[in-house]
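Following: one structure in structure tokens, then a few remarks.
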Amino acid sequence: LGEDLAGAGLETDLRQMYFSAGLKGIERDRAEDVEKLVISVLGTLAAEGIPRDLLDASINSIEFRLREANTGSYPKGLIYMLQALRSWLYDADPLGPLAFEKPLGAVKSKAQAGGYFEGLLREHFLDNPHRSRVLLIPDQEEGSRRDKLEQEHLAQLREKLSADDVRKVIEQAQLLKQKQQAADRAEDLATIPTLSVADLPRQNKRIPEQKLQLTDGRAALHFHDLNTFGIAYLDVAFDLSVVPQQDIPLLPLFGRALLETGTDKQDFVSLSRRISTTTGGIWPDLFASTEQQGAKSAWFMLRGKAMLDKGQELTSILHDVLHGARLEDQDRIRQLLLEEKAQAEMGIIPSGHSMVDARIRASFSDAAWINEQTGGISYLFFLRDVLSRFDQEWPSLLERLQGLRRRLFNQNNTVVNVTLDEAGFRQFKPHVDRLVAALPCERPDRTPWKRAVALGPEGLTMPAQVHYVGKGGSLRDLGYTFHGSALVITRFLRTSWLWDRVRVQGGAYGAFCRLDRLTGVFTFLSYRDPNLERTLQAFDETAKFLAEVPLPQEELDKNILGAIGDLDTYLLPDAKGHVAFLRSLTGQTQEILDRLRTEVFETKEQHFRDFGKFLSQLNDKGTVAVLGGEESIRKAAGPLGLKVVSVL
């Protein structure tokens, strides 16, 4: 019926909760069929009962999430506060959402008795008359119609204004512009509590890491002795240098196929329930970066987590998918491709600035090229091309997927990462040993890549009223040698010049600049930006700003504080182990990181002035990429020399 799932599932942040489910990418006359399908499935579950393994998998997934309380890069206290607001906003107990043990136990008891969830389905879904069917239909002309209506509305308002009214509007606009350009008063800034540079530790936080060998000595093992509260975190990484260049875009599909086609022992539904019942999740991941020494570091990973007593089952599942995934399931592979395409198209507007950034960077390094080929505009084009020729090219596609499995899964091509406490590691390591020992042991056949990317200035078009504007280039190629002060300078630019000129005065939702210290590639970016040429002008004026802006010590200290805050970002135990692993893969030693931190603390005004001189060279030598509405991009294409490419 459709390409991918739609709907939010159960929305729990509102007092009046709702549930939504549906499909995207359907034929517009099939909306009623989708609704009937949803109601039919719910009716079957209510009448025949929810399968016990599905119920166990669902309860385990929720219980694991609650007990792990993984808040990512956000401090737990902040997330707990936000969770408390779910009930607190409606005059209920703010601690209710946090104290999960008693309600979870009650739910598990009712589920064990049987019929509990089936009753909820009947009461709140099937017998609930408050139901709506919403159909969203794309219309290429809707944007121009809205523009026309807006212009007509403004013209009508203008006709009603007297000369005095017009004068007042102009004065208000001028006053707004003055306030936008005015600096904050020193006395106002002084009221904001802040740390001083002297309050900050001069040493980086250490993450424990031991580099070991698995039992047979063929695969390296990285171990991080951290208190994970009884959860084993496992990363199994495979070096991508054995993958032929033309198969790089297949890697996201390959990763999903391993976990979502089933195995020679189970269909994909049973495998999914097995994963949810016994683990905290297993997922594929891609990592590509430039090493400290300049070479590429690119890895395909399978990552997973489980309570220590389920560690053997975690590695058993990984064994089954590594050796027995049903890559030959043509219908399932087609569905995964459709889902990937739908998700890639849906992600363009929310992540337009990242798409533009990836296009620019792809010209300068293998790692950036890999990231664009597996998650950028090129990846979307690849998916469309594969789907357009899927049936006739299926034998070739299957051979390529099977070839990836043969090349990647090799003991001599594997590195393992484990985050766990010492006692738990001793218990968990034999399972990891057996997992890797079961892989073929052959000499890896490394494949050289000849990346030939010269995208040039691009205008990427889609139906939209806003733009994502990017400009950048390699500062290293222009003679710049990375220094830690660049972390301070780029933070300063994001929170001052770009914020004021592109966001506050220009009306964009966001404005950024990014410098990859391992490649030297620098990019300017804007997010949901009503402007195009004006934003590029602001980017080009950045060097002049750095040359002239007053930089008292207070301003330097404020941005040093921010840069150190970025280096000392909040990490939970699993993230600490993974970050340390990625640092090892890219050759970032503790000595290098300590030197970087020292350079941040030693940032001076002259560093800003010198950085601006290198940045000024991007005015003429930088590459431009813009994603936005077709009309505005075609209008700017001539003056900017843009190659226009239709995306949506």
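Taking the Cα centroid of region 249-310 and of region 100-137, what is the distance between the two, rounded to the nearest whole Å?
First find each Cα centre; the distance between them is then 31 Å.
Using a Förster distance of 35 Å, how high is the FRET efficiency between residue 11 and residue 148, based on the Cβ-Cβ distance and rounded to 0.05?
The calculated FRET efficiency here is 0.50.
Mind grabbing the base-10 log of I(q)/I(0) for region 467-618 at q = 0.11, 0.15, 0.21 Å⁻¹? Debye formula, identical points on the C-alpha positions, no solvent, two decimal places.
Ignoring solvent entirely, the Cα scatterers give -0.46, -0.84, -1.37.
Residue by residue, what Karplus-based ³J(HN,Hα) values in Hz, rounded to whole numbers, does region 57-65 have, using 6.51, -1.76 and 1.60 with θ = phi - 60° and x for Gly and Pro?
So the Karplus estimates, Gly and Pro as x, are 4, 5, 5, 4, 4, 5, 5, 4, 4 Hz.
At what distance in angstrom do the alpha carbon centres of region 379-409 and region 466-525 lie from each other?
37 Å
Using the scaling law 2.2 N^0.38 Å as the reference, what is the normalised Cα Rg of region 210-437? Could you put the intermediate results ahead of the total?
On the way: Rg = 18.1 Å, N = 228, 2.2 N^0.38 = 17.3 Å.
Dividing the Cα radius of gyration by 2.2 N^0.38 Å gives 1.05.
Going highest first, how would you order 637-645, 582-590, 617-625 by mean Cβ packing within 10 Å?
617-625, 582-590, 637-645
Which lysines, if any, have their Cα less than 26 Å from the Cα of residue 110, not counting same-chain residues under 8 positions apart?
102, 310
Per residue, what volume in Å³ does the convex hull of the Cα atoms of region 4-126 enclose?
147 Å³
Would you mind checking which residues have amide H under 5 Å from residue 212's amide H? H placed 1.01 Å from N; only 5 or more apart, or other chain.
Amide H neighbours of residue 212, under 5 Å, 5+ apart: 221, 222, 223.
Quick check on region 62-213: take the gyration tensor over C-alpha atoms, sort the square-rooted eigenvalues as a ≥ b ≥ c, and tell me if it's rounded (a/c under 1.5), prolate or oblate.
In terms of gyration-tensor shape, oblate.
Based on the Kirkwood radius over alpha-carbon pairs, what value in µm²/s does the Stokes-Einstein equation return for the translational diffusion coefficient of the chain at 20 °C and 1.002 mPa s?
Diffusion coefficient, whole number: 76 µm²/s.
Quick one: check the C-alpha center-to-center distance for region 2-37 versus region 434-451, whole angstrom.
43 Å
For the chain, build the charge dipole from Cβ charges (+1 Lys, Arg; -1 Asp, Glu) around the Cα centre, then report which of 462, 582, 136 sits farthest towards its positive end.
Positive-most Cα among the choices belongs to 582.
Want the number for residue 141 to residue 648: 0.36 nm per residue separation, take away the alpha-carbon distance, what's left?
181.2 nm
Read-outs: derived from the displayed coordinates by stated rules, not from any lab. Given the structure is predicted, the values throughout are model-derived calculations rather than measurements. Because the Cβ atoms are built from the backbone with ideal geometry, glycine has one as well, and the counts that use them run over all protein chains shown.
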